[in-house]
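Asker: One structure is given below, represented as structure tokens, and several questions about it will come after.
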Amino acid sequence: MRDLHANLKTRHALGPFEPRRANLGFVTVPAERLRGLLTELRDVHGFTHLVLLTAVDWMEDGLFQLTYLMNDRAGDRTLGVRVMLNRDEAVGEDMHDLWPTAATYQRELKEMFGIDFPGSPRVDEEFILEGWTDLPPYRRDFDSLAYSQQTYAERPGRVTHDPRAHMKSKLYPEG
Amino acid sequence: MTPQPGFQWIQILYALATLFVVLNYGLLMTALVQKIAARVSGRHGIPIWQNYVDLVKNFALRSQISHGVMYYMGPIFRLSGGIGLLLFVPTIYGLPWAQNFSFAGDLILALYFVFFGTLGMALGAGESGHPHSAIGVSRGLSQTTAAELPLALAVYAIAVQYHTLNIPQIVAAQQGGIAHWTLITNPLATIAAMFAYVGTMMRAPFDVVLAPQEIPIGPPTEYHSAYMALMQTNRAIFPVAKTVVYMNLFFGGASNWLEFALKVFALYLIPAIIGVVHPRFRVEQSIRFFLKWGLPVGVLAILVV
Amino acid sequence: MKDIDERFQKNRDRTVPLREELRPRTVTTPDGQEILIEPLKDYFCEAAPKVHPKAYFQIVENFYNWARANSLWILGFGTGCGAIEMRPLMTPRFDAYRYGVQWRPTPRQANLLIISGYLSVKTLKRAIRAYEQMQGPKYVIGLGSCTINGGMYWDSYNTIKRLDAYLPVDLYIAGCMPRPEALLAGFMELKKLIRAGKAEGANKYAENFATYKAAQKSVIKDWDMPDYNW
């Protein structure tokens, strides 16, 4: 994996390599270099399988992080490629021509995070939610608790215990 | 209207009495067979009186909706198919009040009534407008048609054999011991007819039309409340009536109610037992099965006679 | 437990446009006529549900109730995780058929709708349709904590928290998830309710139809069906 990173580093302006296990590592790449890197990984280095495409909301930094997790079946190694996007106008690059499955992930990201992928098939259609009118619900500035309290009828009388204190008082009442 | 020669008004009462007996017998027997099927899978199954409770429940439902005239007529046609089949076939040989309205050509009429309910159902279910109904009916019609072919051939065969289309005469010819039954005298026709019997009893492996797990329940998808109750009534009467026809044609008929009950039950157990141990055929598979195995036997039966 | 973060205000203004195939439109027929098609009006009947009186004689009603109690036909519609608990009831171990409980594949023939666990807004829409297509008297069982007060999905953005605000519930079975035995016990309880004539959910729904509809529409933004679609 380190060899691979050293090989690709200068050509694709990769960030530092972050190993997790012997066969799992992550690397960050600038958005404009993403397509070149993914294509080379897929066609030359055997990372033929897109395991998943997901996003992380770094609200404080004003960034969305896309993670393309790719797997090399023959070599039994997995590489996560990270891309940072501007959170205010989040537009990712459409990758469905490399992996058709990417279109589904991109549709989900559009709905759940509001990250647009121009050119991706059916990206504007509803994916899971029906008739969603609010902020995309996986964004961290969407307050799930407040939303559910403002939206759904509640039954009074629900209490929440701190598990630690509650179990302590149950199991050791004397203290 | 002048009554037919030999017609007496009391016959109507007698026929209703027969209907009553058969209805109760059918309700109990189908429940019993369901219990047997449940025992095969290690369960206890429904209580024996469950059919009655379901019937009352369905009649007692407060709301019902209609999809049009044919939607009303569907269950009625279905029920009249069952009742008609029963009424034009003598139930018990030699018992005066259970002769019903049998007449010289009743065999042909019986064949017609076997199919009548399915046709009525097709009209009614089509009107309900539910796509599942339409699909279910088209599958049901094609499967029933294929399954009835061997029966038609077998009936021709025994009509040739006995030189009559009158069911009482056919039964009369079979009296005097098991050796006189069509089962022995014309085994090929019997086998061909049994193909049709197993195929039209709506049990596995030929129950894809009505099976709840398939295209949800097929033709009766939209039927509920009292419509459903009518169809349940028919589901109790029709198998018994059909079994009576088979019993008369191939198994020597019955000369008293006990013999009737035992023979019908034994015959009904054939598809039931086949059903519990077989997976389900798809429609095109079962059609192919009938054309491949049922039809040649039927043709052979005619040729041999 | 109201601790709303007032800084977060949900977007109340945006509405969801009706799906294109459901909008009214004019169509030119093959013989040149212009006709107006309103899919929601043409394909469904919109008559509101009626309150159905009981049978006139109490003894008849009692007999009917006995039959209803002993012939519970469940709609085989699993909304959440609890659908797994319904399946074992058909198996030799629990064998709910002994108690006159049977499964029907179509809402028309079913009397009992089991909301088995959490109900997302998307599924709620289907559950309402299924419930309204059932014929009265009909019963609803809420299975599991999620139907009672939200359970572990109490802060979810997409699941309702209190089923009886949207559908008339006759009986709740608590637990997460309740075991099949609990479900059987629930059936027995429901039978007692029905025999006592207390399970009148369908009439309650008809009486408070406007309230129920308002609650349903407040969470289902893309209401793309008629108000009552039996």
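The values are calculated or read from the model by the stated rules, or taken from the named source; none is laboratory data. A quick note: this is a predicted structure, and the numbers were derived from the prediction, not measured. Cβ placement follows ideal geometry from the backbone for every residue including glycine, while neighbour counts extend to all protein chains displayed.
Asker: Give the number of residues within the range C:156-181 that are assigned to a strand (DSSP E or B) and farther than 17 Å from A:TYR147 by Cα. Even if it seems obvious, please write down each step before you answer.
Answerer: First pass over the range C:156-181, keeping only residues assigned to a strand (DSSP E or B): C:159, C:171-173.
Still in the running and farther than 17 Å from A:TYR147 by Cα: C:171-173.
The qualifying residues number 3.
Asker: Here's a follow-up. Only residues that are more than 13 Å from chain C (Cβ to nearest Cβ) and either among the hydroxyl-bearing types (Ser, Thr, Tyr) or buried (at least 17 other Cβ atoms within 10 Å of the Cβ) (or both): list them for the range A:117-175, please.
Answerer: Those that are more than 13 Å from chain C (Cβ to nearest Cβ) and either among the hydroxyl-bearing types (Ser, Thr, Tyr) or buried (at least 17 other Cβ atoms within 10 Å of the Cβ) (or both): A:PHE117, A:SER120, A:VAL123, A:SER169, A:TYR172.
Asker: Let me ask something additional. In the range B:41-85, what residues are under 26 Å from C:ASN203 (Cα atoms), in a helix (DSSP H, G or I) and β-branched (Val, Ile, Thr)?
Answerer: B:VAL53, B:VAL56
Asker: Quick one: would you say C:ASP31 is more than 25 Å from C:TYR131 (Cα to Cα) and away from chain A (no Cβ under 14 Å)?
Answerer: Spelling it out, C:ASP31 is indeed more than 25 Å from C:TYR131 (Cα to Cα) and away from chain A (no Cβ under 14 Å).
Asker: Based on what the data block shows, is B:THR221 assigned to a helix (DSSP H, G or I) and under 14 Å from B:VAL22 (Cβ atoms)?
Answerer: no
Residue-wise test of (1) part of a helix (DSSP H, G or I); (2) more than 14 Å from chain C (Cβ to nearest Cβ); (3) in contact (Cβ under 8 Å) with a residue 40 or more places away in the chain; (4) closer than 19 Å to B:PHE77 by Cα.
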site: B:MET194; (1), (2), (3), (4): yes, yes, yes, no
site: B:ASP207; (1), (2), (3), (4): no, no, yes, no
site: B:MET231; (1), (2), (3), (4): yes, no, yes, yes
site: B:ARG235; (1), (2), (3), (4): yes, no, yes, yes
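Asker: May I ask you to list the residues in the range B:254-272 that are part of a helix (DSSP H, G or I) and either more than 21 Å from the chain's Cα centre (by Cα) or crowded, with 16+ Cβ neighbours inside 10 Å (or both)?
Answerer: Passing the criteria: B:PHE260, B:ALA261, B:LYS263, B:VAL264, B:PHE265, B:LEU267, B:TYR268, B:ILE270, B:PRO271, B:ALA272.
Asker: Scan the range C:51-61 for residues that are touching a helix residue (DSSP H, G or I) at 6+ places or on another chain (Cβ under 8 Å) and either over 16 Å from C:ALA202 (Cβ atoms) or at the interface with chain B (Cβ under 9 Å from one of its Cβ atoms) (or both) and jot them down.
Answerer: Scanning the range C:51-61 gives C:HIS52, C:LYS54, C:ALA55.
Asker: I need the full set of residues from the range B:31-51 which are facing another protein chain (nearest Cβ under 8 Å) and of a type outside the set (Lys, Arg), in order please.
Answerer: B:ALA38, B:SER41, B:GLY42, B:HIS44, B:GLY45, B:ILE46, B:PRO47, B:GLN50, listed by residue number.
Asker: Quick one: A:VAL83 ticks every box in (1) more than 25 Å from A:GLY114 (Cα to Cα); (2) within 19 Å of the chain's Cα centre (by Cα) bar one, so which box is it?
Answerer: All conditions pass for A:VAL83, except number (1).
Asker: Can you tell me which residue among C:ASN65, C:ASN111, C:ASN149, C:ASN70 is farther than 18 Å from C:LEU190 by Cα and facing another protein chain (nearest Cβ under 9 Å)?
Answerer: Residue meeting the stated conditions: C:ASN149.
Asker: Name the pairs whose Cβ atoms lie under 6 Å apart, with the first residue in the range B:134-149 and acidic (Asp, Glu), the second crowded, with 18+ Cβ neighbours inside 10 Å, and 6 or more positions between them or separate chains?
Answerer: The qualifying pairs are B:GLU148/B:ALA196.
Asker: Looking at the range B:52-73, which of its residues are among the aliphatic types (A, V, I, L, M) and more than 7 Å from chain C (Cβ to nearest Cβ)? Can you show your working first?
Answerer: Looking only at the range B:52-73, we keep the residues that are among the aliphatic types (A, V, I, L, M), and these are B:53, B:55-56, B:60-61, B:65, B:69-70, B:73.
Hits for the range B:52-73 are B:LEU55, B:VAL69, B:MET70, B:MET73.
Asker: Filter the helices (runs of 4 or more DSSP H) completely within the range A:1-114 down to those with at least 3 residues that are in contact (Cβ under 8 Å) with a residue 40 or more places away in the chain.
Answerer: Because the criterion is at least 3 residues that are in contact (Cβ under 8 Å) with a residue 40 or more places away in the chain, the helices (runs of 4 or more DSSP H) in the range A:1-114 that meet it are A:34-43, A:102-112.
Conditions tested, residue by residue: (1) over 14 Å from the mean Cα position of the chain (by Cα); (2) among the hydrophobic types (A, V, I, L, M, F, W, C); (3) at pLDDT below 90.
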{"site": "A:THR67", "(1), (2), (3)": "no, no, no"}
{"site": "A:ASP72", "(1), (2), (3)": "yes, no, no"}
{"site": "A:GLU89", "(1), (2), (3)": "yes, no, yes"}
{"site": "A:GLN106", "(1), (2), (3)": "no, no, no"}
{"site": "A:ASP124", "(1), (2), (3)": "yes, no, yes"}
{"site": "A:TRP132", "(1), (2), (3)": "yes, yes, yes"}
{"site": "A:ARG139", "(1), (2), (3)": "no, no, no"}
{"site": "A:SER144", "(1), (2), (3)": "yes, no, yes"}
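Asker: Starting from the range C:205-230, keep only residues that are more than 17 Å from C:THR123 (Cα to Cα) and within 11 Å of another protein chain (Cβ to nearest Cβ), then list their pairs with residues that are part of a helix (DSSP H, G or I) and not β-branched (Val, Ile, Thr) whose Cβ atoms are within a distance under 8 Å, requiring at least 6 positions of separation or different chains.
Answerer: If the second residue must be part of a helix (DSSP H, G or I) and not β-branched (Val, Ile, Thr), the pairs left are C:TRP230/C:GLU132; C:TRP230/C:GLN133.
Asker: Further question: Considering only residues of the range C:160-207 that are basic (Lys, Arg) and closer than 30 Å to C:ALA48 by Cβ, which is surrounded by the most Cβ atoms within 10 Å (Cβ to Cβ)?
Answerer: Looking at the filtered set, the residue picked out is C:LYS161.
Asker: Starting from residues that are small (Gly, Ala, Ser) and out of contact with any Lys or Arg (no Cβ under 6 Å at 6 or more places or on another chain), keep the ones in the range C:44-77 and report whichever is surrounded by the most Cβ atoms within 10 Å (Cβ to Cβ).
Answerer: Here is the first cut: in the range C:44-77, the residues small (Gly, Ala, Ser) are C:47-48, C:55, C:67, C:69, C:71, C:76.
Subset that is out of contact with any Lys or Arg (no Cβ under 6 Å at 6 or more places or on another chain): C:47-48, C:55, C:76.
Numbers: C:ALA47: 11, C:ALA48: 11, C:ALA55: 14, C:GLY76: 20.
The extreme case among them is C:GLY76.
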